[in-house]
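Notes follow once the structure below has been shown.
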Amino acid sequence: MAGMEDTLQALNDLISQFLCLNRPLWSSSDDADAFLEAVDELTSTIHSLESMSADHILLESFDHLLERCSLRLGEELQHLIDASGFDTNCSYPNTRKSHDDDDDRHTLVAQPVSNFDIIVDALPEGVIFEANRIAKRMVAAGFGDSCAETYAASRLNFIDESIARLGVHAQMAEMFKSASWEELETQIMCWIPAIRVVFHILIPSERHLCDSIFEGFTSYSDVAFVTACHPFLQLLSFGNFIAAAGKNPECLFRIVDMYDAVRDILPVLDDAFNPEVAALRECLGLSIKAILMALENLVRRDPSESCPLDGGVHPMTRYVMNYLVTACVSRHTLEEVMLLEFGSSDPSGNCPIEPDRPTSSLAVHLAWIVDVLMGNLVSKSKVYRHAPLSCVFLVNNGIYIIKKVNGCELKVLLGEDWIKVIHSKVNQWILEYRRATWGKAIMILEMDKRFCSNVNVITEKLSRFKNFVEAICQVQSRWVLVDKQQGVDFSILVEELVIPAYRDMAEMLKATGSAGESYMRLEDVRSRIQQLFKAMTRETSLRTGDFVFTTLQ
């Protein structure tokens, strides 16, 4: 063993010369090559001693020297990576400088990226080559884990700067936990493009870099990769925070955008991050489901008893229908969420989706929300003291709902049969209005056959009819029909009921040979009815207003 002791002494003297240098060894290629050769010889010698079951104390001395070498190699690796750090002048995907008009300061803001087929060369090829040479020695020396940790720690500044350049922060969830929803929306609009760049470009680039440096050592490459990318994964916590914070109906649309962004990264998702991304996708999906359920409950329980004095469209109707119209822009995503059983064995989350059918999960749910809205409106209509005004209110809201459905993809989802049912309800309310108002006019004109030739009776009835019409026009001209065509239809239906009865009465009067002082010409009656409904369909302000469910206040 005397020869081995001499070898140990010789290697110790040689290696100590390098370890004592207070400058990076890789500042000189000759020093780097010589040091690696010495480390290779030391490693080979140790392996030989281990196979020979050599003296334990002597082997410990060799191991101690090798440990010192590995520590220095780790320092050299860190210096190599740090010296090739983030270039603040480099061109970076998905960023632009937003200048302040008053000074030279600027903020890097994430921009949309259409081509994600990019690998960022985070380190020069020469640095990668040298880092690979160091990694090989450290793994061979049994310090692979230490090498992976050193690498990951050295990449931290680059990764933090990468996140900052995208206009986001790894600790966003903590930073904005007390922010208003308006402030959170601003952050969401930064987070969405950032998360796409992170998973489409930065993480694959980091995987490529790790595989290059730890070539041939998959397990250590995986450790280095996962550890280095931890700040990227911290961005996902913001998504979980938003999913938990977004309770109100208004939160749906941004959460859907976030869900879409997460779904878009699935095809390029590194296997190492499947659990985290799948958990976020599930969390966002469940939040979307919960919001749609909450909307239904809010519509059902809205306690507001106020209604437009003129019988116009209720603000809640506008709110709900405009909300559903906007939601249907993302109907394929919503349909996927409604059908998806989170936690299934299919990691991609793919499921058969046939949204163009009235029986789809989304269609059923949206139809139910509108049905609940209709029921709520029927209850609200009872606040009117005049039954005809209740009918006008329901007609206006029903027509508004039908127009909204017909004007967007809700029509595809809910289907023609559903629309026919609503049309039927509207027609029923129109007939109820006609019966409640103009049915009384017909009762005035009804004539007992015994008095068919009595001028006084006929004249009195015509006079009462005229007064009745004037009173109706005076009151109902202050009401509103928000659809002009509906005003025409109302007029026709009323004329069909009233004109024949009035014509008969006028003919009776004419048969007596008396003109009657209170007699209205038939055309005057028709004109008065038409004027009434024209007045009701005057140009009205279809005021939208900001409707807020009182249960949320």
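The values are calculated or read from the model by the stated rules, or taken from the named source; none is laboratory data. Please read all numbers here as calculations on a predicted model, not as lab measurements. So basically every Cβ, Gly included, is an ideal-geometry build from the backbone, and we count neighbours across all protein chains shown. Accessible surface is based on the protein model in full, side chains and every heavy atom, while ligands, DNA and RNA are left aside. Shrake-Rupley method; radii C 1.70, N 1.55, O 1.52, S 1.80 Å.
Per-structure values
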| read-out | value |
| --- | --- |
| Sites Val325 and Ala244, calculated FRET efficiency, Cβ-Cβ separation with R0 25 Å, nearest 0.05 | 0.40 |
| Average accessible area per residue (Å²) across segment 127-231 - probe 1.4 Å, nucleic acids and ligands excluded | 39 |
| Pairwise label distance in nanometres, Lys403 with Glu416, each label 7 Å out on the Cα-Cβ vector | 2.4 |
| Ranked by how many other beta carbons lie within 10 Å on average, peptides 393-403, 211-221 from highest | 393-403, 211-221 |
| Cβ crowding within 10 Å averaged over residues, with 16-29, 184-197 ranked highest first | 184-197, 16-29 |
| Rough spin-label spacing in nm, given labels placed 7 Å along Cα→Cβ, for Asn467 and Ser306 | 3.8 |
| Relative contact order (percent, whole number), segment 1-85, Cα cutoff 8 Å, 6+ residue spacing | 36 |
| Relative contact order of segment 142-290, defined on C-alpha pairs under 8 angstrom at six or more residues apart (%) | 31 |
| Solvent-accessible area, 1.4 Å probe, carbon plus sulfur percent, for segment 142-290 | 54 |
| Segment 436-530, relative contact order [Cα under 8 Å, separation at least 6], % | 43 |
| Heavy-atom accessible surface of segment 1-85: percent carbon and sulfur, 1.4 Å | 49 |
| Euclidean distance of C-alpha centroids, segment 242-273 and segment 450-497, integer Å | 59 |
| Added length on full extension, which subtracts the Cα-Cα distance from 0.36 nm per residue, Ile118 to Ser219 | 33.9 nm |
| Förster radius 25 Å - calculated FRET efficiency between Asp30 and Ala83 (Cβ-Cβ, nearest 0.05) | 0.85 |
